[in-house]
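Written out below as structure tokens is the structure these notes cover.
The values are calculated or read from the model by the stated rules, or taken from the named source; none is laboratory data. Remember, it's a predicted structure, so these values are computed and weren't measured experimentally. Note that we place each Cβ from the backbone using ideal geometry, even for glycine, and neighbour counts take in every protein chain shown. Note: areas computed on protein heavy atoms with side chains; ligands, DNA, RNA excluded. Shrake-Rupley method; radii C 1.70, N 1.55, O 1.52, S 1.80 Å.
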Amino acid sequence: MAGLLVFSRLVDAVTTAIGKSISWLLLAAVLISAGNAVLRKTMDLSSNAWLEVQWYLYGTVFMLGAAYALLQNEHVRIDILSSSWSKKTRDIIDLLLHIIFLLPFAGLMTWLAWPWFWLSYRSGEISSNAGGLIIWPAKLAVLLGFMLLLLQALSEIIKRFAVVTGRIEDPREDKAGQMPPAASEV
């Protein structure tokens, strides 16, 4: 179990580094969006390429941010139900649902995204929009996002199992107690 926990900490560190660094992509997307809007309104200049860059950046943030949201315990759940359960019950349900749903989903999407990306890369696929960009970088972001989510799912399963079996203290436990950060504020 100690080796698995080391793996989990390594995945968490990578996810944290990526999760914190992708915020700069949002700044770039906002600046590109604003610049494109200003040029369009003031000089009647616009480009599909600039629009596509914005989409690529937002998509990359979404895809790479999913694993970070899971790590931070900010993922989607039904807090109105889970708030009435004991911490042990929530931990067991999280463990089971990660194994039954998240792990197979992230694994399947990673498996399906690889040939989808590779075909696009090898063929030099280009957007059908006039002045559009190459498409494979966006497809690579999808592949990397699901790969990172798959690794983070494994990390969360390892940690939940260790918490449920009493091997470690809950690393996501905040000072307020039982709920994820966003739910605690409500």
If we keep just the residues of region 83-122 that are at pLDDT 90 or above and among the small types (Gly, Ala, Ser), which is farthest from ARG160 (Cα to Cα)?
SER120
Assess whether PHE146 counts as being of a type in the set (Phe, Trp, Tyr), at pLDDT 80 or above and closer than 26 Å to SER84 by Cα.
no
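The rows are residues; the columns are (1) assigned to a helix (DSSP H, G or I); (2) touching a helix residue (DSSP H, G or I) at 6+ places or on another chain (Cβ under 7 Å); (3) open to solvent by less than 80 Å² (accessible area, probe 1.4 Å).
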| residue | (1), (2), (3) |
| --- | --- |
| GLY59 | yes, yes, yes |
| PHE62 | yes, no, no |
| GLU74 | no, yes, no |
| LEU95 | yes, yes, yes |
| GLY107 | yes, yes, yes |
Being open to solvent by less than 40 Å² (accessible area, probe 1.4 Å), assigned to a helix (DSSP H, G or I) and touching a Gly at 6+ places or on another chain (Cβ under 7 Å) narrows it down to one of ALA49, ALA69, ALA28, so name that one.
ALA49
Let me spell it out: the conditions are (1) open to solvent by less than 90 Å² (accessible area, probe 1.4 Å); (2) at pLDDT 95 or above, and ILE135 meets all of them except one. Which number is the exception?
(2)
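Among LEU27, LEU5, which is the only one that is at pLDDT 90 or above and out of contact with any His (no Cβ under 8 Å at 6 or more places or on another chain)?
None of the others qualify; the one that does is LEU27.
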